[in-house]
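**Q** I have a structure here, written as structure tokens, and I will follow up with some questions on it.
The values are calculated or read from the model by the stated rules, or taken from the named source; none is laboratory data. Please read these numbers as outputs of a predicted model, since none were measured by experiment. Quick reminder, even Gly has a Cβ in these numbers, built from the backbone with ideal geometry, and neighbours come from all protein chains shown.
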Amino acid sequence: MNGQTGAPRGPSRRTVVAGTALAPVAGALLPGAPLATAAPRRGETARLRSDALEVRVDTAFPRIVSYTDRGTGAVLHGQDTPVSEVLIDGTARTPHVTHRARADRATYTLGFDGGTRITVEIAVRGRQVTWRVTGLTDTPALRVGTLEIPGLALLSVRSDQPGATLLAARIALDKATSGDTLVRVTADTPAESAPTGCAYAVVATDELAAAVETNTVYDKPSGATTWENGRLWRQTLKGDGFVKAQLVPGQWTHRAAGQSADATEPLPQATVIVTGDRNGDGRIDWQDAAIALRDIMVMPLGADAQHLRVVPHIAFNFASQATNPFLATLDNVKRIALATDGLGQFTLLKGYQSEGHDSAHPDYGGNYNQRAGGLADLNALVRAGKKWNSDFAVHVNATESYPVAHAFSEELVDKNDKQWDWLDQSYRIDARRDLVSGDIAARFAQLREETDPALTTLYIDVFRESGWNSDRLQRHLRDQGWQVTTEWGHGLERSSLWSHWANETDYGPDTSRGINSQLIRFVRNHHKDVFADKWPTLLGSGRMGNFEGWVGKTDWNAFHTLLWTEALPAKYLQAYPIRTWSAHEITFEGPTKTSVSDAEGTRKITTDGRLVYDDGTYLLPWEPRNATDPGRLYHYNPRGGTTRWTLPRGWSAATAVHVYRLTDQGRTQETRVPVRDGKITLTARPGVAYVVHRHRAPAQGDPHWGEGTPLTDPGFHAGNLDAWRTTGPAAVRRSTLGDYELVIGAGAAATVAQHLRRLAPGSYAASVQIEVGATAGERRRAGLAIRTADGVTAANWTDTSTAGNYVAADRKSGTRFQRLFTHFTVPDGGGPVTLTLTVAAGRARVRFDNVRVVPARAVTKKGTLVFEDFEHVPQGWGPFVKGDAGGSTDPRTHLAQRHTRFTQRGWNGKAIDDVLDGGQSLKSRGENTGLVYRTVPHTVRFTPGRRYRVTFRYENEQAGQYAWVTAADEPAPRELSRSPLPVATRPTTFTYEFTAPAHGEAWVGLRKVGDDGTAEFVLDTFEVREVQG
């Protein structure tokens, strides 16, 4: 993505460009001198003092000349030459200046033509010096939008100062490069004709170091000033007998363009901190300045606990499929907690709104994913999940909007600026109008009001704004209490705690991986996970693994391994700030005295004088801020074997410890290990995680699988059938991807049943994922039956599974599992309801998983075998399942909703309607070539030899793109007929008859035959009738 002004229309979603001892001084005031007011003369200076510093300032303009350490006499410079001009909205203006001073501060009043006045104060306290505007009164004759003082260097170092260096960092993302520039200032250092912008910068000499923090922000950044790279400007210049490198603040925004006269921003300010040897290494350099910078820099909300978010993972819902319902995600959160003995999680919900991921942006509240459980289940998830030590974020978008969104309007977007195009075409949001109007703040406030406080975090996708648009949004979010994470490391940089591309390192190109600056990493390693993994044998990266369908990742085993090999060691090193960083060793602040080294070719971590990590094998204390007396220790040995470890000194009185193997059922295989001379010997299996407790760990409670649903253990996470009543050869097995499934082996008939928690009277849909046979074509009847208190049994069944599962977001992708639905009604008065999974006697293996019961209304029409109007689909696409178009991928088909004229034919050149009848239709847009969707026997049961009439209403944007097919699985699919679908820009009825063949399982569906990447097809009011042959 390109966050710069003038980004190309319709960009690739996955491309980022990131730009990317002093002589006496006339007029000096001694401590305690009376307040003086004067119209200053050019060249006069005054001295301000604290207990640590003496600061020389100009009396003719708010300019800092120098900083002197009162203990050593060492000097750092500011601006050595006079300054007289201020840029207001880019125009140079010379103010009339009056000056007042006392011991520790000087006040300046800058008067401009038209009556505008700016008051500036320079004050010193301890080792900090602040330059700040304390008042700004403007008039209609001279309004102040932006303010700059290009010649005002707050810090500079000179070639006649031994060790003079300036280190500046631009925010850039290319892993192969660095945003850092180190300027060693000597008499031979060339002068630069123009300054260069940066986001962070420090200076040092052999005697003093310093850093500056400022709230500069460009109103409308472009080019080199995007992504906050104009906060400061560095430049090397020739002076009178010396070369200097200096730092000048960038532009301050007082009143953003488009804001009303009374809508102003925080007043301009900058803080300089001057320091000596902060890290105790016996020398002064840029690292001391970087440490001092932490004392004055902006802190993101949530930063202090970021090291505890060890296990990031994405629960993904997309395209109406609801493959990860909110309460199923709760079970996954519990599973991870059990498998890690309660390590902190960061659960990112992609697709919490509307039809799932990238649907109905920017409806932050009021439009929740009903098929995944809606607002009630979302709140149940985050409320209960917090107890299992998970933080939660939702994926939102402030850049693109879809016409289906409630918030969509022609005022919100530029309808000619097309953006991401997948399920629907999106359009670029007018971010300035959205901010100035207060609309975006109101939408986020709605989300905050409607959701449980346990939802703490926003993940802001594809954010391309910087400067004021970014800064103002961040202040809105902070005021509402939101923590912030982003897709890319440079977005919302003052606030972002975590960025996606920096942590899922096989997603997206390394050119946009994460912030690549050593200076910024040094300063903020303990606060943020936004960095490119440029130092893997030292700091590493808190890598994200996924298993819940994001980008087709469904392997629990790979996810689980990554958190032990990569995430936990990296997060251990985030507990305290970096203290020193050399080529092969990093040390950290704090009482644990932790260091990491790769001097011997492999990574070793030492804490409190003991080795805790050695080339991937470790015994890491947790949590790391208590590493000398932790609550528990984690042991992992990728190669397996026996190793000996020194225990933390807080455990010195222990005579034995208790070691447990960690599994997704929790702690298992307790072993009491004796302590000898403060050491323990551990034997581990390769790639298996263990936890060590000082005392016997308390018994684990019931995780209450299925919490909040009518079922107990609907995903078979317990690994047994204790929650179910069974007959026949039923067992729970773990798949090769680590998924627990109910397996019915060959032999007798089987039933697996349970009474549902009390249901209110009304209509429901029970469903389960089912697969018959180890290979396509095997037969054995399997189904789902519901018996209610009135004696009625509702059932659905299948005896074959020939259709592959091609939904990448489904953990069953790559199998032949499909979801089977049984609709039922709880009568007035309620009463008991029993759900039974049934399998007839036979040889074919049958697998079940992910049972679900939700309120849903069955749709019927007299005289039809099947009728679907797509108004009440509980999840999925009604009678259709995804076909092989694009292979196992994220489809470009979903249930579309009507939103006034914006989703219908005629708006902005739209050729066809998104919705034909009622409020919802099944829409395909630019689908991949191949079978888009099809029926399966348990959605439309065609009996061999019988004749059927298939009817539906449709609109089709282009000829030669889509065709309707009739086919049979034998078990491979054989196409019986294909009917090309002509252009239809009004609702059109398609009807035909066919006789189901004697062999195979007949089905009907939609095929994409053309290669147009945006061609739309919409289907509605689908019905099948049996007719006389």
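**Q** Select from the range 552-586 the residues that are over 29 Å from the mean Cα position of the chain (by Cα) and polar (S, T, N, Q) and write down the one among them that is surrounded by the most Cβ atoms within 10 Å (Cβ to Cβ).
**A** Top of the filtered list is THR580.
**Q** Name the single residue, out of those in the range 306-337 being aliphatic (A, V, I, L, M) and under 21 Å from GLY542 (Cβ atoms), that is nearest to the chain's Cα centre (by Cα).
**A** ILE314
**Q** Evaluate the following for LEU1006: is it among the hydrophobic types (A, V, I, L, M, F, W, C), in the same structural domain as GLY886 (by TED's automatic domain parsing) and closer than 19 Å to ALA911 by Cα?
**A** no
**Q** A further question on this structure: Condition first: in a loop (DSSP other than H, G, I, E, B), assigned by TED's automatic domain parsing to the domain that holds ALA502 and among the small types (Gly, Ala, Ser). Can you find one or more residues in the range 324-340 that meet it?
**A** Within the range 324-340, none of the residues are in a loop (DSSP other than H, G, I, E, B), assigned by TED's automatic domain parsing to the domain that holds ALA502 and among the small types (Gly, Ala, Ser).
**Q** While we're looking at this one, here's another question. So which residues in the range 552-588 are assigned to a strand (DSSP E or B) and not β-branched (Val, Ile, Thr)? Walk me through it before giving the result.
**A** Residues of the range 552-588 assigned to a strand (DSSP E or B): 578-581, 585-588.
Residues satisfying the conditions are ARG579, TRP581, GLU585, PHE588.
**Q** If you check HIS361 against the conditions, is it surrounded by 24 or more Cβ atoms within 10 Å (Cβ to Cβ), in the same structural domain as GLY481 (by TED's automatic domain parsing) and closer than 24 Å to ASP555 by Cβ?
**A** no
**Q** Name the strands (runs of 3 or more DSSP E) wholly within the range 939-1029 that hold at least 1 residues that are of a type in the set (S, T, N, Q) and more than 24 Å from THR929 (Cβ to Cβ)?
**A** Ranges flagged: 947-956, 984-995, 1016-1027.
**Q** Which of the strands (runs of 3 or more DSSP E) found entirely inside the range 78-169 contain at least 2 residues meeting this: of a type outside the set (A, V, I, L, M, F, W, C) and more than 30 Å from ASP188 (Cα to Cα)?
**A** Per the criteria, 91-93, 96-102, 105-111, 117-125, 128-137, 146-148.
**Q** Let me ask something else. Can you name every residue in the range 718-767 that is assigned to a strand (DSSP E or B) and of a type in the set (Ser, Thr, Tyr)?
**A** Listed by number, the residues that qualify are THR726, THR727, TYR740, THR751, SER763, TYR764, SER767.
**Q** Against the condition of a type in the set (Ser, Thr, Tyr) and in a loop (DSSP other than H, G, I, E, B), how does SER409 come out, does it pass?
**A** yes
**Q** Answer yes or no as to whether VAL272 is surrounded by fewer than 21 Cβ atoms within 10 Å (Cβ to Cβ) and not assigned by TED's automatic domain parsing to the domain that holds LYS528.
**A** When the stated conditions are applied, VAL272 does not pass them.
**Q** Quick check on ASP160: is it closer than 21 Å to VAL274 by Cβ and surrounded by fewer than 17 Cβ atoms within 10 Å (Cβ to Cβ)?
**A** Against the criterion (closer than 21 Å to VAL274 by Cβ and surrounded by fewer than 17 Cβ atoms within 10 Å (Cβ to Cβ)), ASP160 qualifies.
**Q** Within the range 974-1003, restricting attention to residues that are surrounded by 14 or more Cβ atoms within 10 Å (Cβ to Cβ) and either hydroxyl-bearing (Ser, Thr, Tyr) or not assigned by TED's automatic domain parsing to the domain that holds ALA911 (or both), which residue is farthest from the chain's Cα centre (by Cα)?
**A** THR995
**Q** Sticking with this structure for a sec: Can we say ARG632 is within 33 Å of the chain's Cα centre (by Cα), surrounded by fewer than 16 Cβ atoms within 10 Å (Cβ to Cβ) and at pLDDT 95 or above?
**A** Answer is no for this residue.
**Q** Look at THR226 and say whether it is closer than 30 Å to ASP138 by Cα, hydroxyl-bearing (Ser, Thr, Tyr) and surrounded by fewer than 24 Cβ atoms within 10 Å (Cβ to Cβ). Steps first, answer last, please.
**A** On the way: closer than 30 Å to ASP138 by Cα: yes; hydroxyl-bearing (Ser, Thr, Tyr): yes; surrounded by fewer than 24 Cβ atoms within 10 Å (Cβ to Cβ): no.
No.
**Q** Just to be sure before I move on: is THR347 on the phi < 0 side of the Ramachandran plot, outside the structural domain of LEU142 (by TED's automatic domain parsing) and modelled with pLDDT of 95 or more in the structure I sent? Lay out the reasoning, then the answer.
**A** On the way: on the phi < 0 side of the Ramachandran plot: yes; outside the structural domain of LEU142 (by TED's automatic domain parsing): yes; modelled with pLDDT of 95 or more: yes.
The answer is yes for THR347.
**Q** Another one. Can you find a residue in the range 122-140 that is of a type outside the set (Val, Ile, Thr) and more than 46 Å from the chain's Cα centre (by Cα)?
**A** Restricting attention to the range 122-140, the residues satisfying the condition of being of a type outside the set (Val, Ile, Thr) are 123, 125-128, 131-132, 135-136, 138, 140.
Now narrow it down to the ones that are more than 46 Å from the chain's Cα centre (by Cα): none.
No, the range 122-140 contains no residue that is of a type outside the set (Val, Ile, Thr) and more than 46 Å from the chain's Cα centre (by Cα).
**Q** Return yes when VAL846 is touching an Asp or Glu at 6+ places or on another chain (Cβ under 9 Å) and either modelled with pLDDT of 95 or more or not assigned by TED's automatic domain parsing to the domain that holds THR825 (or both) and no when it is not.
**A** Details: touching an Asp or Glu at 6+ places or on another chain (Cβ under 9 Å): yes; either modelled with pLDDT of 95 or more or not assigned by TED's automatic domain parsing to the domain that holds THR825 (or both): yes.
Yes.
**Q** Pick out, from the range 773-886, the strands (runs of 3 or more DSSP E) lying fully within it that include 2 or more residues that are crowded, with 17+ Cβ neighbours inside 10 Å and aromatic (Phe, Trp, Tyr).
**A** 818-826
**Q** Just to be sure before I move on: is ILE770 under 27 Å from GLY549 (Cα atoms) and under 42 Å from the mean Cα position of the chain (by Cα) in the structure I sent?
**A** Yes, satisfied.
**Q** Just one of (1) part of a loop (DSSP other than H, G, I, E, B); (2) surrounded by fewer than 23 Cβ atoms within 10 Å (Cβ to Cβ) trips up PHE318, so point out which.
**A** (2)
**Q** Hey, any hits in the range 888-907 for a residue that's modelled with pLDDT of 95 or more, buried (at least 20 other Cβ atoms within 10 Å of the Cβ), more than 23 Å from ALA405 (Cβ to Cβ) and outside the structural domain of VAL743 (by TED's automatic domain parsing)?
**A** Within the range 888-907, none of the residues are modelled with pLDDT of 95 or more, buried (at least 20 other Cβ atoms within 10 Å of the Cβ), more than 23 Å from ALA405 (Cβ to Cβ) and outside the structural domain of VAL743 (by TED's automatic domain parsing).
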